[in-house]
Structures are given as C-alpha cells and as structure tokens.
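The values are calculated or read from the model by the stated rules, or taken from the named source; none is laboratory data. In this text, all values refer to a predicted model and were calculated from it rather than measured experimentally. Calculation scope for accessible area: heavy atoms of the full protein, side chains included, ligands and nucleic acids excluded. Shrake-Rupley method; radii C 1.70, N 1.55, O 1.52, S 1.80 Å.
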Amino acid sequence: MNTLEKQEGVYYTQNIDNLPIEERVFFREGKGMSATSNNYRVATPQELNAWELLKKEQEQLLKC
C-alpha cells in the first residue's frame, strides 16, 4: 500500500495539468493503491489560494 505522509503546511492534489480548481481535490495525507507521486503531487501556493477563494465564494452562495 502506498502512502502520502502528512507534513506540516502541505496539501496534495491530483497530478493533472490544467485541471480547473473547481474539480481539484486537496488533502493532507493519503493511503491506498493510487497514493503515489504519479497520481498526486504537492499543491502549489497559487492552487491553495485559488481553493481558499473558491471556498469563500461557495460559502457566500450558501448564505443567500
């Protein structure tokens, strides 16, 4: 079984180019057959910022 170990301040995301932020998943650690650097990589600061903005926008929509 493969693992992506939890590291302070690190999130992982899919290793797919041009995947929209709305379709990405972010997680801190993972275990399983697909938990490899072929499938996942460390998320960039830009991706994390875009993800935070998306979450705030979604929260605002839910409040309406």
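Taking a straight Cα-Cα cut-off under 17 Å and skipping sequence neighbours fewer than 8 places away in the same chain, the lysines within cross-link reach of K63 are K55. For the range 6-16, putting each phi into the Karplus relation 6.51 cos²θ - 1.76 cosθ + 1.60 with θ = phi - 60° gives couplings of 5, 10, 4, x, 10, 10, 9, 8, 4, 8, 10 Hz, in residue order, rounded to whole numbers and with x for Gly and Pro. Using the rule -39500 (n - 2.57) for each DSSP H run of four or more residues, divided by the residues of the chain, the 222 nm mean residue ellipticity is -10000 deg cm²/dmol. Over the chain, the hull volume per residue, using the convex hull of the C-alpha atoms, is 93 Å³.
Averaged per residue, the range 12-64 has 76 square angstrom of accessible surface, using a 1.4 angstrom probe with ligands and nucleic acids left out. For E22, the solvent-accessible surface with a 1.4 Å probe is about 130 Å², rounded to the nearest 10.
Taking Cα pairs under 8 Å and at least six residues apart, what relative contact order does the chain come out at, in percent? Show your work: numbers first, answer last.
Details: 70 pairs, mean separation 25.0, N = 64.
Computed value for the chain: 39 percent relative contact order.
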